[in-house]
Amino acid sequence: NKTIILKKRPVGRPTLEDFEFQETSVASSLSDGELLLEAKYISVDPYLRGRMSDAKSYVPPFELGKPISSGVVAEVIASKNADFKEGDFVSGMLEWKTQQVTDGKGLQKVSKDKAPLSAYLGVIGMTGLTAYLGLHEIGKPKAGETLVVSGAAGAVGSVVGQIGKILGLNVIGIAGSDEKTEMLIEKFGFDHAINYKTTDDMKAAIEKAAPKGVDIYFDNVGGPISDAVLFSINKFARIIICGAISVYNDTEAPKGLAVQPFLVKNSALMQGFIVSNYADKFPQAIGQLAQWLQEGKLTYEETIVEGFENTPQAFIDLFDGKNKGKMVVKI
Ligand code: NDP
């Protein structure tokens, strides 16, 4: 049985040296209430970078020398817990281990028949919830409005844009390759897509794509891309600060936005967002996402990396944009 622990706190960009593989044993017999799980899919997520630092945040940091944890879909191998039986599949926050024993708390049963198991880590899991709830709760979308999404070809962004289209918005996505911008238009139905890596003047590109201005900005990346978008915000625009991956590896303190005057002038609302703030709305949101998926109104993309031993590299690759849609590791 293998475990991945956090060996060192990354400084700047994470590297493979920050992680360590250990051979661990699992208990040979279960106590009452326990179950033995075998990991099938592990979610790697940009937010885990924050937990690898010891800075205070909304979730406690990972401890050095201890296993990393994230969303995992696992199979029940043995159970002494009345709620779960051998052969069930579950999803929950679990450790980066090939096998582990848990007490079943916080685990949700998932069904292979309703959706592929990996989807429970993406479009009908945490990143789908983030897209749905961030857009609805803070974005307050109205048909006909213009929505800009950064990190648009990723797990959260690709779902945000599609929901925007379902709700009748004009949707503009920003992503880091031509392959990705093409996918946004062809596969996900975005109206416009901008490759920020090949566009010299992002401010002009946004103005061109959004001639009537931006009513909602769903921000996954922060930094200069966001500064460029905010030049175009409309009166009473709503800005969802979901993530800021472009600065997660920075080693210097942030210098702050250059665009506050635009927020003032346009009475815009910029609000930070953490998906767990809306836990009471998860069942309704998952129900809606699953229904759209079934009806074919929503689709998804995922990048599946094979092999437990490639989990750290898959995580690091998020910072190079190597994923399209949700990045997951298949065990
Ligand atoms: P993604 O699937 O979007 O993967 C990360 C993507 O970020 C990459 O594919 C890459 O795409 C892009 N990226 C990497 N570096 C940069 C950079 N320097 N500038 C611009 N883009 C970059 O991840 P998620 O969908 O899981 O997460 C998206 C964001 O949402 C993250 O910031 C994450 O922290 C946040 N989040 C927040 C939650 C909350 O509750 N607030 C919950 C879940 C996620 P590209 O090729 O386009 O550069």
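The values are calculated or read from the model by the stated rules, or taken from the named source; none is laboratory data. Since the model is a prediction, treat every value here as computed from it, not as a measurement. All Cβ positions, even for glycine, are placed from backbone atoms using ideal geometry, and neighbour counts span all protein chains on display.
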Checklist line | Residue count, the stretch 84-93 (criterion: under 21 Å from residue 69 (Cβ atoms) and without any contact (Cβ under 8 Å) to a residue 24 or more places away in the chain) | finding: 2
Next item on the list: Test each condition in (1) crowded, with 19+ Cβ neighbours inside 10 Å; (2) part of a helix (DSSP H, G or I) for residue 238 and report the one that comes out false.
Entry: (2)
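Kindly indicate whether any position in the stretch 195-206 is more than 22 Å from the chain's Cα centre (by Cα) and either in contact (Cβ under 8 Å) with a residue 60 or more places away in the chain or buried (at least 22 other Cβ atoms within 10 Å of the Cβ) (or both).
Yes, the stretch 195-206 contains a residue that is more than 22 Å from the chain's Cα centre (by Cα) and either in contact (Cβ under 8 Å) with a residue 60 or more places away in the chain or buried (at least 22 other Cβ atoms within 10 Å of the Cβ) (or both).
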Margin query: One residue is enough: does the stretch 39-48 have a residue meeting the conditions touching a strand residue (DSSP E or B) at 6+ places or on another chain (Cβ under 6 Å), away from the ligand (no atom under 16 Å from the Cβ) and not polar (S, T, N, Q)?
Written below: yes
Notebook entry, point to check: Taking the stretch 196-227 on its own, how many of its residues are part of a helix (DSSP H, G or I), farther than 21 Å from residue 320 by Cα, in contact with a strand residue (DSSP E or B) (Cβ under 9 Å, 6 or more places away or on another chain) and among the small types (Gly, Ala, Ser)?
Noted result: 2
Notebook entry, point to check: Is there a residue in the stretch 166-176 that is in a helix (DSSP H, G or I) and within 13 Å of the ligand (Cβ to nearest atom)?
Noted result: no
Check: Tell me, which residue of the stretch 16-49 that is among the hydroxyl-bearing types (Ser, Thr, Tyr) and loosely packed, with under 13 Cβ neighbours inside 10 Å is nearest to residue 72 (Cα to Cα)?
Finding: 25
Next item on the list: Please give the helices (runs of 4 or more DSSP H) falling wholly within the stretch 248-331 in which 2 or more residues are modelled with pLDDT under 95 and hydrophobic (A, V, I, L, M, F, W, C).
Entry: 260-265
Notebook entry, point to check: Could you say whether any residue in the stretch 316-330 is away from the ligand (no atom under 15 Å from the Cβ) and more than 16 Å from the chain's Cα centre (by Cα)?
Noted result: yes
Note to self: On the basis of being away from the ligand (no atom under 13 Å from the Cβ), of a type outside the set (Val, Ile, Thr), closer than 13 Å to residue 150 by Cβ and in the same structural domain as residue 232 (by TED's automatic domain parsing), does residue 205 make the cut?
What the structure shows: yes
Margin query: Regarding the stretch 282-298, can at least one residue be identified that is over 22 Å from residue 187 (Cα atoms) and within 16 Å of the ligand (Cβ to nearest atom)?
Written below: yes
Note to self: List pairs: first residue in the stretch 94-109 and farther than 12 Å from residue 72 by Cα, second residue β-branched (Val, Ile, Thr) and surrounded by fewer than 18 Cβ atoms within 10 Å (Cβ to Cβ) anywhere in the structure, Cβ distance under 9 angstrom, at least six positions apart or on different chains.
What the structure shows: 101/26
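So if I check each of 158, 226, which one is within 13 Å of the ligand (Cβ to nearest atom), more than 20 Å from residue 268 (Cβ to Cβ) and buried (at least 18 other Cβ atoms within 10 Å of the Cβ)?
After applying the criteria, what remains is 158.
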Checklist line | Count - residues of the stretch 212-223 that are within 12 Å of the ligand (Cβ to nearest atom) and buried (at least 24 other Cβ atoms within 10 Å of the Cβ) | finding: 4
Next item on the list: Return a yes/no flag: does the stretch 240-250 have any residue that is within 15 Å of the ligand (Cβ to nearest atom), in contact with a Leu (Cβ under 8 Å, 6 or more places away or on another chain) and of a type outside the set (Lys, Arg).
Entry: yes
Margin query: Looking only at the stretch 62-85, count every residue that is surrounded by fewer than 19 Cβ atoms within 10 Å (Cβ to Cβ), aliphatic (A, V, I, L, M) and not in a strand (DSSP E or B) and tell me the total.
Written below: 2
